[in-house]
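Below you'll find the structure, written out as C-alpha cells, and then a few comments.
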Amino acid sequence: MSNAQDPREPQNPQGSRNAQSSQNPVVPPSAAVTGEAGSLTTQAVVEGQTAGPRPRRGRPGSIRAMLRSPLAWVTGIVVVWFAAAFLVLPNAALLGVTFFPDGQFSIRAVEKLFGSERALKTLGNSFLLAITLSVTVNVVGVFIVLVTKYFQVRGARVLWLGYATTLIYGGIVLAAGYNFIYGRFGFFTNMMVNWWPDMDRDWFSGYFAVVFVMTFATTTNHMLFLSSSLGKVDYASIEAAKLMGASTWTILRRIVLPVMKPMLFAVTVLTFLIGLGALTAPLVLGGPDFQTVAPLIIDLSRSPITRDIAALLAIVLGIATIILLAIMNRFEKSGVYFSVAKVATPIQKQRIRNPFANIAVHVVAYLLWVIYLIPVVLIVIFSFVDARSILAGSITLDSFTLDNYITVFSSASAIRPFIVSVVYSALASLIVVGGLLFVARMLQKHRNLLTTAIEYVLHIPWILPIVLIALALVTAFDKPLPIVGGFVLTGTPILLLIAYISVKIPFTLRLLKAGFASVPDSLEDASRILGAKSLTTFRRVLIPLVLPTAAAITALNFNSLLDDYDAAIFLYHPLYKPLGVAIQESTRGENNLDAMPITFVYTVLLMIIMGVTMYLVYGRGSRAGAPRKARKARA
C-alpha cells in the first residue's frame, strides 16, 4: 500500500524521466506562496531548476505596493493637492494673520481680546449655552427616545413623527420659523398684543429663547443614534431583573442606561460643540442681551481692524473643539462597556406599572409633541396666508391665498436664492462623493503611514468649527497664490463651493470607507485573475456594490447644505445669494417682514425635499427589508 502510486501524480513511462524526477521533485503549490497566505508570486518555478532570488515587490498595502498602481498615483496627487491647498494652507494662514501680523510673532490679538468686554462676554455666553444644552437636550432627548422605543405609550408612532420633524428642517429655517411665530413681530406676539397692548414684544428673545429653540432643535442625534443604542439592550437581563423584584426605575437606571452610556456620552459632546459654535439661533433670537461668539466673529471679520480678534475667537472655538473630541476619544478607549449577552434577545416595550407615573409620562410626552409640531403646522398654514394677516395677528378665511407660491415660482428674484442653493448643494454633494470614492478605496486598500497621514488631514474639517474654516478660506485666498494657479478666490462664487466640499469630506469619507470594507476581497481578486485592470475592476465591480451607500450619502449631504448659513454668510457672492442668507435677511426688523410669506414658502419646499430624501434613505430601505425579514421568520 505504501508503494502505490498517487493517482494525482502524472504518469511518466520513461525511466530516465522518473529518475530525474526523483532527484528534482516537483515543487508543491505551497512553494509559490510568499508573504501573506493566498498572495501568489508571478515568478514561475521551472521544473528541474532552482528558484532564484525573487525581486521584492512590497507587502500588500505597503507604500511600495500602492505606488505601483497608476490609479493610486493620480488619486494621491489630487487629494494631497486639495488637502494642502484648502485644508492645511488656510488654517496656517489664519494662524499667521493672528500671531504674525507683520512677519514677527505678536500677541496683540490676545491683548485686544482680553481688553474687549464684549468679546469676553460673548465667549462666556457660548460656554454657558453649551453647558445648558448639554443638560436640557439630554433630558428631552432621552425622554423622547424612552417614550417612543422603551415604554408602552399610546400613540407612540404618532409621537415619533412629531419628534422627528427636526429631521426635515433646522438651522436658519427653524430659527426664522420660531422668530416669525413668537418673535417681536411674530404672529403669536401680534395676536397677544391685540389683547394686551402693554405686553413686551421682546418676550421671546435672549437666553431663554435661544435655549428653548436649540433644546428642541438638536434632539436629532438622540432620535437617530440613541434609539439604535437602545436596541442593543438584552431583554433577557430585563426579565431576570423583574424576577428578582427590581422596579421599573431600577431596571432603567441599572441595566438600560449603562448600555446606552457610550452613545449618550458621544451625543453629549456633540451637543456641547453645537452649543459652543451656535450661530443662527443666537443671531436671530438672541437679541442685544445674549450674543455668542459665532455672530460676533461675523461682525468683527467685516473690518480689517478687528479681523485679528475674529480670527483669534475662531481659533479658540477650534481649540475647544479639539480638546473635547480628544477627551471623548480618551473616555471611549478607557471606558469598559460590555453587553450582557453575545446574542441579545430583542427588547420589548415595558409597561409603566405606577398609574400616576403612567399618566404623567403620557401628559409630558404629548405636551412635547405639541411643542415640536406647532412650528411645522403654522409654517405650512402661513405659507398660504398674506403678510398683512400675519402682521395683524388675525387670520380669516379671506386671508388664505396662493399668491405666495405664485410669486416664488413666477418671480425670478424670488426663486433665485432657492435655485442657487440647490445648485451649490447638488454640485458639492456630487463632487465630494465622486472624488472620495477613489480616495476611500485607496485608504481602505492601502493601509500605511502615508495613507494614515492623508486620512488624518482629511478629517480637519470635522474637528474645526465651520466659522473657523470659512474665515480661514477668506483670509488665505484674498491674494494670488501659486497653489491655486495664482487666482484670487476670495469674493468669487467658487470659494463657497470649496467650503461646502471641505466640510462634507469627513462624514462622506467615513461612510464610504465602511461601504468598501463590506465588499469581499475575493470579488476584486477574481476580477484581477480574469485580466481586468485596476480601473476596470473599480468601475465594473466595486462601484456598483457601494453605489447605494454613495447615493444615500449624496442625498444626506444635499439635505444638510440646502439651508446652510454658517459658511454662506462669510463666502457667498452678492450676485449668487443662497437661501440661508435670504431667509436670515427676512428676519431683520419690521421693514423686511413683507418677505415673511415667501420665507414660509421656502421652508415648506425645503421640508418637502428633506422629507422625501429622508424617506428614500431610511424609510424606503426599512420598509423594503421588513417583508423579507417577515418571510424568513415564518420560514
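The values are calculated or read from the model by the stated rules, or taken from the named source; none is laboratory data. This is a predicted model, so every value here is computed, not measured. For neighbour counting, all protein chains shown are included, and Cβ atoms are generated from backbone atoms with ideal geometry for every residue, glycine included. The protein model used for the area step is the full one, side chains on, heavy atoms only, and it has no ligands, DNA or RNA in it. Shrake-Rupley method; radii C 1.70, N 1.55, O 1.52, S 1.80 Å.
Annotations for the structure displayed:
- Among residues other than VAL601 with Cβ under 13 Å from its Cβ, the summed charge is -2 (Lys and Arg +1, Asp and Glu -1).
- Highest to lowest packing among 563-570, 266-273, 153-160, scored as the average C-beta count within 10 Å: 563-570, 266-273, 153-160
- At 1.002 mPa s and 20 °C, Stokes D of the range 115-167 from Kirkwood alpha-carbon radius, µm² per second: 159
- Extension gain, LEU252 to ASP478: 0.36 nm times the residue separation minus the Cα-Cα distance gives 75.8 nm.
- Note on the range 412-486 and the range 389-405: Cα centroid distance 43 Å, given to the nearest whole angstrom.
- Cβ crowding within 10 Å averaged over residues, with 107-120, 301-314 ranked highest first: 301-314, 107-120
- Per residue value of the accessible surface for the range 383-430 (all protein chains in place, 1.4 Å probe), Å²: 54
- Shape call, the range 348-461: gyration tensor on alpha carbons, a/c limit 1.5: oblate
- Residue pairs, from the table LYS445/LYS533; LYS232/LYS261; LYS232/LYS504, whose Cα atoms sit over 18 Å apart: LYS232/LYS504
- Couplings for the range 495-512, taken from phi via the Karplus curve 6.51 cos²θ - 1.76 cosθ + 1.60 with θ = phi - 60°, read 5, 5, 5, 4, 5, 4, 5, 5, 6, 9, 5, x, 4, 5, 5, 5, 6, 5 Hz in order; Gly and Pro are left as x.
- Solvent-free Debye scattering, log10 I(q)/I(0), computed from the Cα coordinates of the range 95-253 at q = 0.10, 0.14, 0.18 Å⁻¹: -0.64, -0.93, -1.14
- In plain terms, the chain from ALA426 to THR396 could stretch by 6.8 nm, reckoned as 0.36 nm per residue minus the Cα-Cα distance.
- Rounded accessible area of LEU402 (nearest 10 Å², 1.4 Å probe): 100
- Solvent-accessible area, 1.4 Å probe, carbon plus sulfur percent, for the range 188-296: 66
- Estimated at the nearest 10 Å², the accessible area of MET328 is 10 Å² with a 1.4 Å probe.
- The Kirkwood hydrodynamic radius of the range 188-262, based on inverse pair distances between different Cα atoms, is 16.3 Å.
- FRET efficiency for the pair LEU449 and GLU117, taken as 1/(1 + (r/R0)^6) with r the Cβ-Cβ distance and R0 = 41 Å, rounds to 0.30.
- Shape call, the range 489-542: gyration tensor on alpha carbons, a/c limit 1.5: oblate
- Gained length - GLU585 relative to ARG539, 0.36 nm times residue gap less alpha-carbon distance: 12.0 nm
- Projected area, mean over directions - the range 450-537, Cα convex hull, nm²: 8.1
- Counting Lys and Arg as +1 and Asp and Glu as -1 over every other residue whose Cβ lies under 9 Å from the Cβ of ALA156, the net charge comes to +4.
- Net charge, PHE487 excluded, C-beta distance under 12 Å - Lys, Arg +1, Asp, Glu -1: 0
- Simple spin-label estimate for ALA526 and LEU325 gives 3.9 nm between the two label positions (7 Å along the Cα-to-Cβ direction from each Cα).
- Ranked by the mean number of other Cβ atoms within 10 Å per residue, highest first, peptides 346-358, 381-393 order as 381-393, 346-358.
- Global size of the range 472-599: 21.2, 71 Å for Rg and Dmax (C-alpha atoms, Rg to one decimal, Dmax whole).
- Stokes-Einstein D in µm²/s, Kirkwood radius over Cα pairs - the range 542-610 at 4 °C with 1.567 mPa s viscosity: 93
- If you plug the beta carbon distance of MET244 and ALA65 into 1/(1 + (r/R0)^6) with R0 = 56 Å, you get a FRET efficiency near 0.45.
- Calculated log₁₀ intensity ratio I(q)/I(0) where the Debye formula runs over C-alpha points of the range 342-398, q = 0.12, 0.13, 0.20, 0.21 Å⁻¹: -0.58, -0.62, -0.84, -0.87
- With all protein chains kept in place, the per residue accessible area of the range 478-619 amounts to 45 square angstrom at a probe of 1.4 angstrom.
- A Förster radius of 51 Å combined with the Cβ-Cβ distance from VAL488 to ALA156 puts the calculated FRET efficiency at roughly 0.35.
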